[in-house]
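Beneath this line is the structure, given in structure tokens, with notes to follow.
Throughout, read-outs are computed from the coordinates displayed, never taken from laboratory work. Because the structure is predicted, anything quoted here is derived from the model rather than measured. Ideal geometry is used to build each Cβ from the backbone, glycine not excepted, and the neighbour counts take in all protein chains shown.
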Amino acid sequence: MNSFPELAICPCCSHLHRRESLTCGEHASCLRCAKTLFASAPRYSRRLALMLSAVFALPVATFLPLITVGLQGNTRPVTLVNMVVSLVQSHQWLLATIVMLIFVLFPAVQLVLYSWLCHFASRARHAPGHRTALQILHWLNPWCMSDVCLLGLLIAGYKMVEFIQLSIGPGFWALVWVALLCRSISRHDLAGLWSINSTPTPPGRKPTEASATRLTGCRHCGLVCEADRRTKFTTRCPRCHTRLSLNTVDNLSRTTALLVAAIICYFPANLLPVMQTTLLGNSSEKTILSGIVAFRDSGAIAIAAIIFIASVVIPVMKFLAIGLLIITCHLRSQWAASKRTQLYRLTEAIGYLSLLDVIVVVIMSCAMQFAPSVTVEPRSGILFFALSVILTMLSALSFDPRLIWSRNHHE
């Protein structure tokens, strides 16, 4: 298979570009849809120092108190580990697994692997096992959400300070640093690591529109390859061994199925209670909407607005946006292709923020365990909401935006 390392194909609209050398801090964008294609290589020695500091900060953020709460002389530390243990004790096994993966395990793997790759990249070398490490990082990138946990701590703390004393622990400041560094790892950084110390290969014959082959770009490493039309789902990228395909219409069925499942989970998420609060022996259950109303009635209008946007506006917007993309692609519509591409990128970028409501409930259920004065327990509604958010994210990730620009994707 011929490859063309001197070319770049937009992963959103398949527009072909020729790579140019960039100075530090510059990035190249698609001329058709404005998608960022590649960026200048960072100083890997500097990145390594920053990532190692985050690696050492991660155990502090995980095991030391993020906040310490107190009531009537009793104190209780809130750590990431305590959150998971609290969910297990409440028999919320699936929710405990989600919290453990997204807020503890995935960020740890991301920081360690990226530090490993930067260590060798600073010496202009590929790390041992770099192909597997980069593939893992590519898949983990959307699922590391330490920043959501940080925002959830602020909102939960604002609510809990009405009932209990609260102080910030060392884990909070460590989590701030971990969240900043995790969010700074972009897919463009990962794509640049593929070409470390690589020797450009001379291109083969120039592909033409009339030829039996077409160019396609690898969605993992960005290498442009000439793939045969007849080798559907069998051609692999010569650099990272990821499957390549010119015809991605089959992804629409997967995207539709995941979207329908997410919508189904969203109904019980709003109808069932997400948590139960017991205050001086009086118990009350709250749904997502009743919790938003409670914040508004207590005067925390800004907090109520944030939760309303994260729990209602963003999920509904994602349902409508992905549904619109699926329908227009099935109809092979060329209407507002550039705007639909921007809508897809926005949907993919902000979808994870909906997990804010989940982490707020988890933090409050971990912190407010001062029986019989006040206790908070998670309920089944919050699990359905977490599943709805995750399924919606999977639906957006499985959608191939190249279908927006393709006139012949059903052929």
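For this structure, a couple of remarks:
- Residue among MET368, MET317, MET51 with the largest mean-square fluctuation in a Gaussian network model of the chain, springs linking Cα atoms under 10 Å: MET317
- Of every Cα-Cα pair in the chain, the percent that sits beyond 35 Å: 35 percent
- Kyte-Doolittle mean at least -1.0 and Cα axial length at least 30 Å: DSSP H helices in the chain: 251-271
- Positive minus negative residues near THR347 (Lys, Arg vs Asp, Glu; Cβ under 15 Å): +3
- Using a Gaussian network model of the chain in which every pair of alpha carbons under 10 angstrom is joined by a spring, one finds that among ALA367, ALA39, ALA396 the greatest mean-square fluctuation is at ALA39.
- Peptides 178-184, 288-294 ordered by packing proxy, namely the average of other Cβ atoms within 10 Å per residue, highest first: 178-184, 288-294.
- Every helix of 4 or more DSSP H residues in the chain counts as -39500 (n - 2.57), and over all residues that averages to -16000 deg cm²/dmol at 222 nm.
- Residue with peak Gaussian network fluctuation, the chain [Cα springs, cutoff 10 Å], from ALA57, ALA300, ALA191: ALA300
- For the peptides 350-363, 319-332, the ranking by mean Cβ contacts within 10 Å, running from highest to lowest, is 350-363, 319-332.
- Quick note on region 248-411: its Rg to Rh ratio, both from C-alpha atoms and Rh being the Kirkwood radius, is 1.10.
- Between region 284-307 and region 18-74, the Cα center-to-center distance that results, in Å: 32 Å
- With contacts taken as Cα pairs under 8 Å at a separation of at least 6 residues, the chain carries a relative contact order of 21 percent.
- Relative contact order (%) - region 248-411, alpha-carbon pairs under 8 angstrom, separation at least six: 43 percent
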